[in-house]
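Structure, as structure tokens:
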Amino acid sequence: MLERLNEIEAQALKELDQVSSSEELQTWKTKYLGRSAELGVISKRLRELPKGERPAVGRRVNEVKSALDTAHDERSGALRATALEHTLRAERIDVTLPGRPVARGRLHPSTLGLRGILEIWREMGFQVYDSREVETDEYNFGLLNMPPHHPARDLWDTFYTTEPGVLLRTHTSPGQIHVMRERAPEPIRVVLPGMCYRYEQITARSEIQFNQIEGLAIGSNITFADLKGTLNAFARRMFGQNVRTRFRASHFPFTEPSAEMDIECFVCGGQGCSVCKSTGWLEILGSGMVHPTVLENGGYDPREYSGFAFGMGPERIVMLKHRIEDIRYFWGNDLRFLEQF
Ligand SMILES: [Zn+2]
């Protein structure tokens with residue numbers, strides 16, 4: 001019997017060495033220390049042994065049991081320590097790692113261009129006047145000196161709504177009439193930014209939607225010299241103090257006389273390059289003295305008041321500045337383009 005107890009102890013300790021999880025440990029415990037384990041059975045049957053053997057066997061049973069108990073507890077502690085170490089290693093937090101950047105949106109290049117230009121006009125004392133994008137034919141054309149069948153309308157074909165005479169504005173100029181009718185006969189210094197629409201073939205150079213910034217100044221004794229001085233001041237702030245400008249006679253139905261303003265090409269310095277198409281000049285805006293008919297439509301007496309107006313395209317200026325060669329990038333929703341700004 002004593003020999004059997006030695007065997008049990010040796011076998012149990014050997015198996016305990018192989019145990020590598022708490023589940024296996026539990027199984028081991030049931031097998032060697034549980035109610036129906038052999039050790040327990042021997043203990044219960046002690047009285048069946050001859051009297052002389054009982055004390056020695058009883059003592060040995062207790063020794064083995066206590067040895068196994070101790071071994072179990074040690075093993076259990078070791079397993080817990082290993083498990084903890086595992087968890088710590090697997091879930092380790094390195095507080096010295098740099099944080100993950102949060103992806104933030106950014107402003108569209110058109111918006112950036114628009115705001116940059118508006119900021120200059122703001123400094124020069126012009127208010128921003130917001131005007132509607134859906135207009136009537138009367139405001140978009142008629143009141144701006146383009147009656148029905150006027151040939152200039154052909155250049156500005158647009159999107160018409162199902163409502164007769166209601167359309168998407170082709171330029172920001174109808175805002176001129178709105179602001180004049182609201183303020184007359186007070187003097188006016190405003191810029192009118194916003195989206196315009198044209199029914200056009202979409203190409204690298206033309207889009208069906210684009211921003212425009214219009215400007216309007218009205219008061220007594222405003223002359224063409226004021227127009228030139230103001231626009232030159234703008235060009236210096238926008239393109240640098242040394243920029244050279246020139247005015248070329250032009251025609252718009254709502255201004256008389258009319259002029260386009262060019263700046264000296266900032267890419268080649270006037271030498272001629274592909275950006276300025278070898279002319280040395282870049283066209284950046286159209287302008288003119290407000291046509292007497294338009295003044296009258298706005299509620300100003302043209303014998304008493306005069307004014308100038310101008311209009312420019314922020315996208316065109318952004319394109320020139322960043323040498324973007326295709327206007328379709330602006331509304332193409334391609335992040336590879338948009339993320340560069
Ligand atoms: Zn050039």
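Observations, loosely collected:
- Looking only at the range 204-251, residues that are out of contact with any Leu (no Cβ under 9 Å at 6 or more places or on another chain) and touching a residue at least 60 places away in the same chain (Cβ under 8 Å) come to 17 in all.
- Residue list for the range 227-243, filter: open to solvent by 20 Å² or more (accessible area, probe 1.4 Å) and either part of a loop (DSSP other than H, G, I, E, B) or among the small types (Gly, Ala, Ser) (or both): Gly229, Ala233, Gly240, Gln241, Asn242, Val243
- Conditions (1) outside any helix (DSSP H, G or I); (2) under 30 Å from Lys29 (Cβ atoms): number failed by Thr87: (1)
- Verdict on Asp334 being surrounded by fewer than 20 Cβ atoms within 10 Å (Cβ to Cβ) and within 20 Å of Ala184 (Cβ to Cβ): no
- Residue among Phe254, Phe224, Phe247 that alone is crowded, with 20+ Cβ neighbours inside 10 Å, of a type in the set (A, V, I, L, M, F, W, C) and at pLDDT 90 or above: Phe254
- In this structure, Glu325 does not qualify as within 30 Å of Glu182 (Cα to Cα), in contact (Cβ under 8 Å) with a residue 12 or more places away in the chain and of a type in the set (D, E, K, R).
- Thr293, sole failed condition from (1) open to solvent by less than 10 Å² (accessible area, probe 1.4 Å); (2) more than 16 Å from the ligand (Cβ to nearest atom); (3) farther than 20 Å from Phe126 by Cβ: (1)
- Condition met for Glu138 (closer than 30 Å to Asn6 by Cβ and either open to solvent by 80 Å² or more (accessible area, probe 1.4 Å) or hydroxyl-bearing (Ser, Thr, Tyr) (or both)): no
- Options Thr170, Thr203; residue that is out of contact with any His (no Cβ under 8 Å at 6 or more places or on another chain), over 15 Å from Gly311 (Cα atoms) and in a loop (DSSP other than H, G, I, E, B): Thr203
- Test set (1) under 25 Å from His108 (Cα atoms); (2) within 16 Å of the ligand (Cβ to nearest atom); (3) at pLDDT 95 or above - Phe310 fails condition number: (2)
- Given (1) at pLDDT 95 or above; (2) open to solvent by 10 Å² or more (accessible area, probe 1.4 Å), number of the condition Tyr300 does not satisfy: (2)
- Gly288 being open to solvent by less than 50 Å² (accessible area, probe 1.4 Å) and touching a Gly at 6+ places or on another chain (Cβ under 8 Å): no
- The residue pairs whose first member lies in the range 38-65 and is on the phi > 0 side of the Ramachandran plot, whose second member is open to solvent by less than 80 Å² (accessible area, probe 1.4 Å) and at pLDDT 85 or above, and whose beta carbons are closer than 6 Å, counting only pairs six or more residues apart or on different chains, do not exist in this structure.
- Hey, Arg316 touching an Asp or Glu at 6+ places or on another chain (Cβ under 8 Å), assigned to a helix (DSSP H, G or I) and of a type outside the set (A, V, I, L, M) or not: no
- Among residues of the range 254-283 that are away from the ligand (no atom under 12 Å from the Cβ), those with a Cβ under 8 angstrom from a residue that is in a strand (DSSP E or B) and among the aromatic types (Phe, Trp, Tyr), sequence gap 6+ or separate chain, pair up as Thr255/Phe308; Ser258/Phe252; Ala259/Phe247; Glu260/Phe247; Met261/Phe247; Met261/Phe310.
The values are calculated or read from the model by the stated rules, or taken from the named source; none is laboratory data. Bear in mind the structure is a predicted one, so any value in this text is a computation, not a measurement. Glycine also receives a Cβ, built like all others from the backbone with ideal geometry; neighbour counts cover every protein chain displayed. Side chains are part of the model used for accessible areas, which takes the heavy atoms of the whole protein and leaves out ligands, DNA and RNA. Shrake-Rupley method; radii C 1.70, N 1.55, O 1.52, S 1.80 Å.
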